[in-house]
Amino acid sequence: MRAALMGFLLTLAMQAGAEECPTRFLKNSAVVFDAILICVTGDVPNLKLKHAAKVTAQWLDNNQDGHIDDENLQKTLIKNKAIVIMSKDGFSAFSMIRIRSKFSSYVLQDLSEEETNNPSRRDASQEEVHHIIMNAGFQKMLPKTFSAQKSDDSTLYKIWKDANDNGFYSYDDSTCDDACKTIEFIYLATAAYLDSQADLFSDEMRVKTRLALKEKLPGITEIFESNTYTYPIHIWPDGNYKYDGNIKYFGLE
């Protein structure tokens with residue numbers, strides 16, 4: 001009973017913050033499974049907010065049965081105040097520094113509306129939402145498995161290091177440290193497992209199929225298929241989510 005009450009109170013707190021969002025420049029919002037808050041600037045169309053919310057729901061309800069796949073992950077996301085902020089063209093590096101100072105109690109991920117559900121390019125909402133679920137969810141819930149920090153000596157970090165050292169994965173962005181590369185790696189490994197070829201067009205991830213992962217990087221498939229928690233291994237999110245009751249919208253006209 002006490003656990004149920006705590007969950008209810010956390011849900012109320014999340015919903016209360018969602019209606020206005022943490023700052024005034026974010027106008028509309030969505031709350032997905034009471035676990036992830038998406039806030040957008042006023043120039044982001046409602047359809048883009050809805051698409052990002054449905055992609056989020058599909059990552060969390062990946063078997064598409066109308067229920068969140070992992071309740072412990074949901075609790076962790078709520079506890080860590082997971083938030084995605086979306087603007088029309090994305091926020092500049094300078095803007096993000098200022099925004100992060102105002103969002104110090106949140107785990108934050110930014111997203112560009114121009115890169116969301118745009119037929120002419122890869123849908124970035126799939127990646128950025130996966131990042132927030134990793135950073136505010138799986139890493140916090142199971143650091144020995146999912147941490148991206150070298151000091152934690154996690155299973156995921158070791159697999160990324162092995163993939164990097166053996167030429168299975170490479171990411172040469174100088175602004176991305178080892179922790180950043182580890183999160184990029186698990187996203188692309190997920191894309192290979194779920195056959196999202198649009199995410200595998202470059203040579204960053206050189207293991208591009210589920211079978212190849214099992215042969216070259218069996219440790220990552222063991223992470224994906226573990227019975228200790230529920231990782232999204234059923235479908236690649238495309239925004240076609242039918243259980244609208246799991247998403248609450250605020251501010252939409």
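The values are calculated or read from the model by the stated rules, or taken from the named source; none is laboratory data. Note that this is a predicted model, so its numbers are computed, not measured. Because the Cβ atoms are built from the backbone with ideal geometry, glycine has one as well, and the counts that use them run over all protein chains shown. For accessibility, only protein heavy atoms count, side chains too; no ligands or nucleic acids. Shrake-Rupley method; radii C 1.70, N 1.55, O 1.52, S 1.80 Å.
So the values come out like this:
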| item | result |
| --- | --- |
| Residue within the stretch 159-174 that is surrounded by fewer than 19 Cβ atoms within 10 Å (Cβ to Cβ), within 15 Å of Ile223 (Cβ to Cβ) and at pLDDT below 95 present | no |
| Residue in the stretch 37-46 that is open to solvent by 40 Å² or more (accessible area, probe 1.4 Å), modelled with pLDDT of 90 or more, acidic (Asp, Glu) and in a loop (DSSP other than H, G, I, E, B) present | yes |
| Neighbours by Cβ (under 7 Å, 6+ apart or cross-chain): first from the stretch 38-49, farther than 22 Å from Ala82 by Cβ; second basic (Lys, Arg) and open to solvent by 10 Å² or more (accessible area, probe 1.4 Å) | Gly42/Lys27; Asp43/Lys88 |
| Among (1) over 13 Å from the mean Cα position of the chain (by Cα); (2) at pLDDT 90 or above; (3) over 30 Å from Thr228 (Cα atoms) - the single one Ile85 does not satisfy | (1) |
| Failed item in (1) farther than 20 Å from Cys21 by Cα; (2) of a type in the set (S, T, N, Q); (3) in contact with a His (Cβ under 6 Å, 6 or more places away or on another chain), with Gln126 passing the rest | (3) |
| Residues located in the stretch 7-36, provided they are modelled with pLDDT of 95 or more and outside any strand (DSSP E or B) | Phe33, Asp34, Ala35 |
| Hey, Tyr243 aromatic (Phe, Trp, Tyr), buried (at least 17 other Cβ atoms within 10 Å of the Cβ) and touching a residue at least 24 places away in the same chain (Cβ under 8 Å) or not | no |
| When residues of the stretch 201-220 are limited to those that are out of contact with any strand residue (DSSP E or B) (no Cβ under 8 Å at 6 or more places or on another chain) and open to solvent by less than 10 Å² (accessible area, probe 1.4 Å), the one nearest to Phe138 (Cα to Cα) | Ile220 |
| Residue list for the stretch 124-158, restricted to those being aliphatic (A, V, I, L, M) and either open to solvent by 40 Å² or more (accessible area, probe 1.4 Å) or touching a residue at least 40 places away in the same chain (Cβ under 8 Å) (or both) | Val129, Ile132, Ile133, Met134, Ala136, Met141, Leu142, Leu156 |
| Single residue of Leu211, Leu194 found to be over 17 Å from the mean Cα position of the chain (by Cα) and hydrophobic (A, V, I, L, M, F, W, C) | Leu211 |
| Among (1) open to solvent by 20 Å² or more (accessible area, probe 1.4 Å); (2) at pLDDT 95 or above; (3) among the hydrophobic types (A, V, I, L, M, F, W, C) - the single one Ala198 does not satisfy | (2) |
| Every residue from the stretch 222-232 that is touching a residue at least 24 places away in the same chain (Cβ under 8 Å) and open to solvent by 40 Å² or more (accessible area, probe 1.4 Å) | Thr228, Thr230 |
